[in-house]
Structures are given as structure tokens and as C-alpha cells.
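Engineer: Just dropping this structure here.
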Amino acid sequence: MSLDPSFVGRSYPPTPPYQVGREKIREFATAIGAVEPAYHDPDAARALGHADVVAPPTYPFTITMAASRQIVEDPELGIDYSRVVHGDQRFRYTRPVVAGDELVCVNTVEEIVNRAGNSFMTTRTEVNTTAGEPVVTVWTKLVVRGEG
Amino acid sequence: MDLSPRTFRITRADLVRYAGASGDFNPIHWSDRFATKVGLPGVIAHGMFTMALVGRAVTDWAGSPDAVVEYGVRFTRPVVVPDDDEGTEIEVRAAVRGEPEDGLTRLDLTATCHGEKVLAQARAVIRTPA
């Protein structure tokens with residue numbers, strides 16, 4: 001199965017706002033063993049100039065993974081998710097995600113390559129606050145392995 | 001900048017905790033039965049868990065949890081995590097690769113498990129520590 005290259009450039013409607021919780025950031029930081037005070041203690045984060053606890057650099061993926069279901073579950077695109085492998089991951093930060101942020105994701109299909117029976121799709125997700133302030137841009141390359 | 005290598009131990013318990021915190025409940029990260037059925041040697045770590053651990057090394061080297069400007073990796077080899085108390089270990093190293101602009105430092109990163117690289121094209125741009 002190959003993916004239709006005409007999807008390149010397609011953008012999806014903004015996702016419903018995601019409310020970043022302080023306890024969620026603490027839980028995520030604890031799960032990766034990150035003990036820096038700015039991830040856990042609002043005062044430590046404020047001392048660095050942030051409104052509340054700061055999320056570790058890969059935390060935004062938990063938001064964009066859920067948001068990207070728009071694309072991977074798009075019946076027109078027809079991805080078989082059981083054959084999907086995570087290929088590449090990249091983040092470009094305007095600022096860290098901070099507790100209290102209300103974030104909206106806009107997904108765009110940036111690249112589709114079909115090669116040797118496998119398909120490679122790169123998506124770009126612009127993560128902005130509900131007020132339109134850019135926070136982080138997230139690129140994800142998924143590999144859809146061919147059958148047999 | 002002191003870029004001494006970092007090592008991180010990964011056990012099954014870590015994968016369960018990461019699954020819950022991240023919302024990624026793919027059974028290849030907790031079920032040997034499922035993992036072997038899809039052709040893996042056994043349960044493997046979430047790629048994003050490995051990326052998060054390497055990210056810990058990066059923020060540590062940068063000296064601040066909010067100093068990362070850009071961070072990217074390619075997942076090239078699964079990190080197999082055995083069902084025992086020791087689990088496995090990854091080792092993370094960095095080399096300065098230049099200054100893309102004033103005040104920024106680019107790091108080339110390597111992560112190895114049992115001596116084999118598990119990431120490629122792993123790079124971070126950080127604000128140069130004062």
C-alpha cells in the first residue's frame with residue numbers, strides 16, 4: 001500500500017484546546033526521572049522567568065501524538081496504524097510548554113515518499129496558545145511498513 | 001561546557017510509568033507476547049522514552065531545563081528491555097558541532113545500548129551556558 005502524495009500540503013482544522021496541567025507535567029517529569037526543580041516547583045520555574053512549572057523538552061509529543069490522530073485516522077489517507085513505526089522526531093521551540101498553557105495544534109502533511117514498498121510521511125504540527133502565541137513546532141516522520 | 005557522558009538504566013517498570021504519563025499504550029512496550037508476535041525480540045522501550053532520557057542529558061549539559069532551542073533524532077534500533085531487575089542501560093554522549101548563531105551551541109548526540117547506536121542524526125541546539 002502506498003500513500004497518496006497529493007496529501008502533501010494538506011492542513012487540518014485546529015484541534016480543541018489542550019489544557020496543560022501542573023500535575024501532568026510533574027507526572028511526566030517523574031516518569032522520565034527528571035528531578036530539576038523547574039519541572040516540579042512553581043517558584044523555581046518563576047525564578048527562571050516562567051509563569052508555572054516548565055515541561056521537559058519531549059513533553060509536547062504527548063499532545064501532538066493525540067492531535068495527529070486527525071491524520072493517521074483520516075479514512076481518505078488510509079494508514080494501517082498496525083504497520084506504523086516512528087521514524088524521526090524533531091522539535092523547534094519558541095519557548096517551553098508551561099503549566100496553564102492552553103494549546104492548539106495545527107497539523108500539516110509536509111512530505112510523503114513511497115519507496116521500496118514502504119511509505120514515509122512527515123507531519124508538521126504548529127503548537128500555539130489559544131491566543132495565537134507560537135510555542136513549539138513538532139515534526140514527526142512515520143514509516144508505514146509494506147506488507148510481506 | 002562539561003559534556004561528560006550520562007548513563008540511564010531502563011527497566012520494565014520505567015516503561016509502564018512512561019506509558020501512563022505519555023498516553024502511549026502500544027503493547028510492544030509492555031507485552032512480550034505481543035512484541036514477539038510482531039517480530040520484535042521482546043518488549044522494547046518507547047522511542048520517545050529514549051529521546052526523553054537523551055533530552056535529560058541535554059538539559060543537564062545546558063545547565064537549564066529551558067535552554068533547548070531545537071532537538072531532533074532518528075530512531076534506528078529498538079532498545080530491548082528484559083523482564084528482570086537490571087533491565088538495560090543506554091549511554092549518551094555529546095560533541096560540540098559549532099555555533100549556528102551567537103549565543104547558541106549545536107550538539108551532536110549519540111545514544112548506545114550494549115555498544116550499538118540506537119539513534120541517528122541526533123542533534124540539539126541549546127543556548128550556550130554562561
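Engineer: So, of the residues in segment A:99-124 that are aliphatic (A, V, I, L, M) and more than 15 Å from the chain's Cα centre (by Cα), which turns out to be most open to solvent (accessible area, probe 1.4 Å)? Walk me through it before giving the result.
Structural biologist: If we filter segment A:99-124 for residues that are aliphatic (A, V, I, L, M), which is where we start, we get A:99, A:103-104, A:106, A:109, A:112-113, A:116, A:121.
Those still in the list that are more than 15 Å from the chain's Cα centre (by Cα) too: A:99, A:112-113, A:116.
Details: A:ALA99: 11, A:ILE112: 20, A:VAL113: 43, A:ALA116: 99 Å².
Checking each candidate, the answer is A:ALA116.
Engineer: Among B:PRO82, B:PRO100, B:PRO41, which is more than 14 Å from chain A (Cβ to nearest Cβ), farther than 18 Å from A:HIS86 by Cα and over 13 Å from the mean Cα position of the chain (by Cα)? Reasoning before the result, please.
Structural biologist: Values: B:PRO100 fails: more than 14 Å from chain A (Cβ to nearest Cβ); B:PRO41 fails: farther than 18 Å from A:HIS86 by Cα.
The unique qualifying residue is B:PRO82.
Engineer: Within segment B:63-80, identify whether any single residue is part of a helix (DSSP H, G or I), under 23 Å from A:THR94 (Cβ atoms) and open to solvent by 20 Å² or more (accessible area, probe 1.4 Å), and answer yes or no.
Structural biologist: Taking segment B:63-80 and keeping what is part of a helix (DSSP H, G or I), we get none.
No: segment B:63-80 contains no residue that is part of a helix (DSSP H, G or I), under 23 Å from A:THR94 (Cβ atoms) and open to solvent by 20 Å² or more (accessible area, probe 1.4 Å).
Engineer: Identify, from the list B:GLY47, B:GLY55, B:GLY42, the residue that is more than 16 Å from A:PHE91 (Cα to Cα) and not hydroxyl-bearing (Ser, Thr, Tyr).
Structural biologist: On the way: B:GLY47 fails: more than 16 Å from A:PHE91 (Cα to Cα); B:GLY55 fails: more than 16 Å from A:PHE91 (Cα to Cα).
Going through B:GLY47, B:GLY55, B:GLY42 in turn, the sole match is B:GLY42.
Engineer: Would you mind finding the one in A:ARG22, A:ARG10 that is more than 9 Å from every other protein chain (Cβ to nearest Cβ), within 28 Å of B:THR50 (Cβ to Cβ) and in contact (Cβ under 8 Å) with a residue 12 or more places away in the chain?
Structural biologist: On the way: A:ARG10 fails: within 28 Å of B:THR50 (Cβ to Cβ).
That would be A:ARG22, the only listed residue that is more than 9 Å from every other protein chain (Cβ to nearest Cβ), within 28 Å of B:THR50 (Cβ to Cβ) and in contact (Cβ under 8 Å) with a residue 12 or more places away in the chain.
Engineer: Free of Cβ contacts under 8 Å to residues at least 60 places away in the same chain, touching a strand residue (DSSP E or B) at 6+ places or on another chain (Cβ under 8 Å), hydrophobic (A, V, I, L, M, F, W, C) and more than 11 Å from chain B (Cβ to nearest Cβ): is that true of A:ALA51 in this structure?
Structural biologist: Numbers: free of Cβ contacts under 8 Å to residues at least 60 places away in the same chain: yes; touching a strand residue (DSSP E or B) at 6+ places or on another chain (Cβ under 8 Å): yes; hydrophobic (A, V, I, L, M, F, W, C): yes; more than 11 Å from chain B (Cβ to nearest Cβ): yes.
Considered against the rule, which asks whether it is free of Cβ contacts under 8 Å to residues at least 60 places away in the same chain, touching a strand residue (DSSP E or B) at 6+ places or on another chain (Cβ under 8 Å), hydrophobic (A, V, I, L, M, F, W, C) and more than 11 Å from chain B (Cβ to nearest Cβ), A:ALA51 comes out as yes.
Engineer: State the number of residues belonging to segment B:11-57 that are touching a Pro at 6+ places or on another chain (Cβ under 6 Å) and farther than 18 Å from A:LEU142 by Cα. Please lay out each step first, then the result.
Structural biologist: So in segment B:11-57, the residues touching a Pro at 6+ places or on another chain (Cβ under 6 Å) come out as B:34, B:44, B:55.
From what is left, the residues that are farther than 18 Å from A:LEU142 by Cα are B:34, B:55.
The qualifying residues number 2.
Engineer: Among the residues of segment A:75-98, how many are open to solvent by less than 20 Å² (accessible area, probe 1.4 Å) and within 18 Å of A:THR122 (Cβ to Cβ)?
Structural biologist: Going through segment A:75-98 one residue at a time, the tally reaches 4.
Engineer: Looking for something in contact with a strand residue (DSSP E or B) (Cβ under 7 Å, 6 or more places away or on another chain) and open to solvent by less than 10 Å² (accessible area, probe 1.4 Å) - is there at least one such residue anywhere in segment B:9-28?
Structural biologist: yes
Engineer: If B:ALA52 satisfies every condition in (1) touching a His at 6+ places or on another chain (Cβ under 9 Å); (2) more than 11 Å from every other protein chain (Cβ to nearest Cβ) but one, which is the exception?
Structural biologist: Result: B:ALA52 fails condition (2) only.
Engineer: So, of the residues in segment B:103-130 that are part of a loop (DSSP other than H, G, I, E, B) and under 17 Å from the mean Cα position of the chain (by Cα), which turns out to be surrounded by the most Cβ atoms within 10 Å (Cβ to Cβ)?
Structural biologist: Residues of segment B:103-130 that are part of a loop (DSSP other than H, G, I, E, B), as a first pass: B:103, B:114-115, B:118, B:128-130.
Next, only the ones that are under 17 Å from the mean Cα position of the chain (by Cα) stay: B:114-115, B:118.
On the way: B:HIS114: 12, B:GLY115: 6, B:VAL118: 22.
Once the filter is applied, the top-ranked residue is B:VAL118.
Engineer: I would also like to ask the following. Restricting to segment B:1-35, give me the number of residues that are under 18 Å from the mean Cα position of the chain (by Cα) and of a type in the set (Asp, Glu).
Structural biologist: Result for segment B:1-35: 2.
The values are calculated or read from the model by the stated rules, or taken from the named source; none is laboratory data. Keep in mind that what you see is a predicted model, and the values were worked out from it rather than measured. When we count neighbours, we look across all protein chains shown, and the Cβ atoms used for this are built from the backbone with ideal geometry, even at glycine. Ligands, DNA and RNA are excluded from the accessible area calculation, which covers all protein heavy atoms including side chains. Shrake-Rupley method; radii C 1.70, N 1.55, O 1.52, S 1.80 Å.
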